[in-house]
Amino acid sequence: MKKFTKPLVLLSLVLVLILTFTGCSNKTTGANKGGTSQSTDDGDSVENGLSGTINIVGSTSVTPMAESLSEEFSKLNKDVKMNVQGVGSTAGIKASIDGTADIGMSSRNLKDEEKSTGIREYTIAYDGIVVVVHPNNTVSDLDMETIQKIFKGEITNWKDLGGKDEEILIVSREDGSGTRGAFEEILNLQEKDSSGNTLSTIKKDALIADGNGSVKANISRKENSIGYISLSYLDDTVKGLKVEGVEATVESIQKGEYKVSRPFFMLTMGEESEVVKEFLAFILSDEGQKIVGEKQVPVN
């Protein structure tokens, strides 16, 4: 029996080595299975199953904030693709209702006929509409009544406001713009016709610009111009006017001191997908509202 001892020992060692390598191989395979994974505090790996695409369409005023929120949400959820397109509030509401967008963006209140479709509104922020002029303009503060008269065409020269002897050029937004709708409503620049339709009273020969960026570009190039943009677009290429002594800031809007302000909405229709629900929850979370608060007024 003694002459079989060494072969048995060698066989046992081989079996042990095979079992050891098999166990290591199984552990490695399990750690590299498909799907997004995150590390927990104790070093284990867990899968995050959130994936899909969210198409967001609508207000150009809401667009910059939606892009910032989408970028951060994508960082947290690598398998989620975000598409944001600024085309105007009315187009965004329509896209939400007819299902061509997962989420619509609006910077104006919905009309009764739009609400009757069953569309859901999520108020995500409050925004200021800034009345802007060229940086060289010496006028710095206007009251609500004067702004109204300028845009109606009742005041036509800057010299009547303490500025240069130059004709005032009005730059306004396109039909369907949420910013325009809110601006007209706040400044009482609307009237009803004989059929009950709402009509704008902004001067007929006003220069029309599509989008906040286009308004800002026109104001920055024309020294005698005046227009209005969302607070998030304000920079040193234009000059924001005080309204009745109050500058448009997050703080002044939050306190209710700046009068030309309005809500921002995200809109959905029908059953929301899991990824859309998670994105909306993220927007209204502390982290999402912190991003909102960089340029607009958070809701919470």
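Return the total of residues in segment 180-191 being part of a strand (DSSP E or B) and either open to solvent by less than 50 Å² (accessible area, probe 1.4 Å) or modelled with pLDDT of 95 or more (or both). Before the answer, list the steps.
To start, the set of residues in segment 180-191 that are part of a strand (DSSP E or B) comprises 190-191.
Then drop every residue that is not either open to solvent by less than 50 Å² (accessible area, probe 1.4 Å) or modelled with pLDDT of 95 or more (or both), which leaves none.
Total satisfying the criteria: 0.
How many residues does segment 253-274 contain that are in contact with a Ser or Thr (Cβ under 7 Å, 6 or more places away or on another chain) and outside any strand (DSSP E or B)?
Of the residues in segment 253-274, 3 are in contact with a Ser or Thr (Cβ under 7 Å, 6 or more places away or on another chain) and outside any strand (DSSP E or B).
What's the number of the condition ASN212 fails, among (1) in contact with a Phe, Trp or Tyr (Cβ under 6 Å, 6 or more places away or on another chain); (2) farther than 17 Å from ARG262 by Cα? Looking at each condition in turn, ASN212 falls short on (2). Of the residues LYS255, LYS239, LYS222, LYS216, the single one that is modelled with pLDDT under 95 and either open to solvent by 20 Å² or more (accessible area, probe 1.4 Å) or of a type in the set (Val, Ile, Thr) (or both) is LYS255. Among the residues of segment 90-107, the one identified as under 15 Å from the mean Cα position of the chain (by Cα) and without any contact (Cβ under 8 Å) to a residue 60 or more places away in the chain is ALA101. Consider ASP165 carefully, then state whether it is acidic (Asp, Glu) and either surrounded by 13 or more Cβ atoms within 10 Å (Cβ to Cβ) or part of a helix (DSSP H, G or I) (or both). The answer is no for ASP165.
Would you mention how many residues in segment 168-179 are assigned to a helix (DSSP H, G or I) and not β-branched (Val, Ile, Thr)?
The total comes to 1.
When SER177, SER194, SER172 are screened for being farther than 20 Å from ILE93 by Cα, of a type in the set (Gly, Ala, Ser) and open to solvent by less than 50 Å² (accessible area, probe 1.4 Å), only SER172 passes.
Every listed requirement among (1) open to solvent by 60 Å² or more (accessible area, probe 1.4 Å); (2) more than 21 Å from ASP236 (Cβ to Cβ); (3) more than 21 Å from the chain's Cα centre (by Cα) is met by SER140 save one, (2). Of the residues LYS277, LYS295, LYS255, LYS290, the single one that is more than 28 Å from SER116 (Cβ to Cβ) and more than 16 Å from the chain's Cα centre (by Cα) is LYS255. Out of everything in segment 192-240 that is hydrophobic (A, V, I, L, M, F, W, C) and assigned to a strand (DSSP E or B), what residue ends up being farthest from VAL131 (Cα to Cα)? Once the filter is applied, the top-ranked residue is LEU199.
Residues that are in contact with a Phe, Trp or Tyr (Cβ under 8 Å, 6 or more places away or on another chain) and modelled with pLDDT of 95 or more within segment 128-161 comprise ILE129, VAL130, VAL131, VAL132, ASN137, VAL139, listed in sequence order.
Scanning for something within 21 Å of LYS242 (Cβ to Cβ), without any contact (Cβ under 8 Å) to a residue 60 or more places away in the chain and part of a strand (DSSP E or B), does segment 138-161 turn up at least one residue? The answer is yes, given that some residue of segment 138-161 is within 21 Å of LYS242 (Cβ to Cβ), without any contact (Cβ under 8 Å) to a residue 60 or more places away in the chain and part of a strand (DSSP E or B).
The values are calculated or read from the model by the stated rules, or taken from the named source; none is laboratory data. Just so we're clear, the structure is a prediction, and the values are computed from it rather than from any experiment. Every residue, glycine among them, receives a Cβ derived from its backbone with ideal geometry; neighbour counts consider all protein chains shown. Keep in mind that these areas ignore ligands, DNA and RNA; they rest on the heavy atoms of the full protein, side chains included. Shrake-Rupley method; radii C 1.70, N 1.55, O 1.52, S 1.80 Å.
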